[in-house]
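Enquirer: Starting off with a structure, shown below.
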Amino acid sequence: VDCGITAIQEVDYLKQQGLDVIITDHHKLADEIPAAQAVVDPQREKSDYFKSLAGVGVVFKILQAVDERLQANKVKNHLDLVALGTVADIVELKNDNRVLVKKGLEILKDTKKPGLKKLLSKLKLKGKTINPGQIGYIVAPPINAIGRMEDPAEGVILLTTKQKSTAEKISDKLISINRDRQKKEEKIYNEALKKIDENDIKAQ
């Protein structure tokens with residue numbers, strides 16, 4: 001899922017181990033495509049189909065097709081995650097993305113996912129109408145921070161857990177780690193400015 005469009009050697013290895021591989025991606029194609037059972041990427045479309053889906057948008061399209069085949073009518077319940085991932089991936093919010101985010105934000109306000117609900121509550125957004133800007137600057141950063149600073153699996157656990165105690169514990173951790181990330185980034189930024197000033201003085 002995402003970034004697999006260049007995984008030529010990895011897919012060959014997995015096939016040698018007897019595994020079937022399906023790749024979903026949204027990045028531009030290389031000269032060679034992995035020899036997977038399926039490679040789903042809107043960049044492969046020769047038609048004028050919308051090519052700027054986020055990684056989560058491509059996955060949603062596959063799940064939507066499976067959902068229709070099974071007549072399960074369940075995939076729409078996860079549009080809150082699709083909206084979150086689409087905005088966090090910083091893709092243009094038009095065409096399919098605009099629709100997915102609009103519908104997803106309606107669900108996000110009253111999400112039934114314990115982890116997401118707890119995170120929104122701690123960020124003081126519970127029950128409020130949430131806009132893309134708030135996702136980009138308030139909701140997504142704590143989830144992204146855990147992947148940059150520690151184990152990204154905890155972000156996945158937060159979004160999938162059904163246990164309130166787990167949701168409480170991980171949401172607190174994510175918010176704390178994001179604060180640490182902000183402090184470190186500010187320190188690095190100030191150090192960079194200082195070096196620029198010192199180099200300017202030397203140049204004079």
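The values are calculated or read from the model by the stated rules, or taken from the named source; none is laboratory data. Here the structure is a predicted model, which means the values were calculated and not measured. Here the Cβ is made from the backbone with ideal geometry for all residues, glycine too, and neighbour counts use every protein chain on show. Only protein heavy atoms, including side chains, enter the accessible area calculation; ligands, DNA and RNA are left aside. Shrake-Rupley method; radii C 1.70, N 1.55, O 1.52, S 1.80 Å.
Enquirer: Can you report the number of residues in the range 38-62 which are open to solvent by 50 Å² or more (accessible area, probe 1.4 Å) and either part of a strand (DSSP E or B) or modelled with pLDDT of 95 or more (or both)?
Expert: Count: 1.
Enquirer: Here is a further query. For the range 77-95, indicate whether the set of residues that are at pLDDT 90 or above, in contact with a Phe, Trp or Tyr (Cβ under 7 Å, 6 or more places away or on another chain) and not in a helix (DSSP H, G or I) is non-empty.
Expert: Checking the range 77-95: at least one residue is at pLDDT 90 or above, in contact with a Phe, Trp or Tyr (Cβ under 7 Å, 6 or more places away or on another chain) and not in a helix (DSSP H, G or I).
Enquirer: Within the range 79-133, can you find the residues that are open to solvent by 20 Å² or more (accessible area, probe 1.4 Å), farther than 22 Å from K61 by Cβ and of a type in the set (G, A, S)?
Expert: S121, G127, G133 - these are the residues of the range 79-133 that are open to solvent by 20 Å² or more (accessible area, probe 1.4 Å), farther than 22 Å from K61 by Cβ and of a type in the set (G, A, S).
Enquirer: Here are the criteria: (1) touching a helix residue (DSSP H, G or I) at 6+ places or on another chain (Cβ under 6 Å); (2) closer than 30 Å to Q16 by Cβ. Tell me which single one A38 does not satisfy.
Expert: Status for A38: all satisfied but (1).
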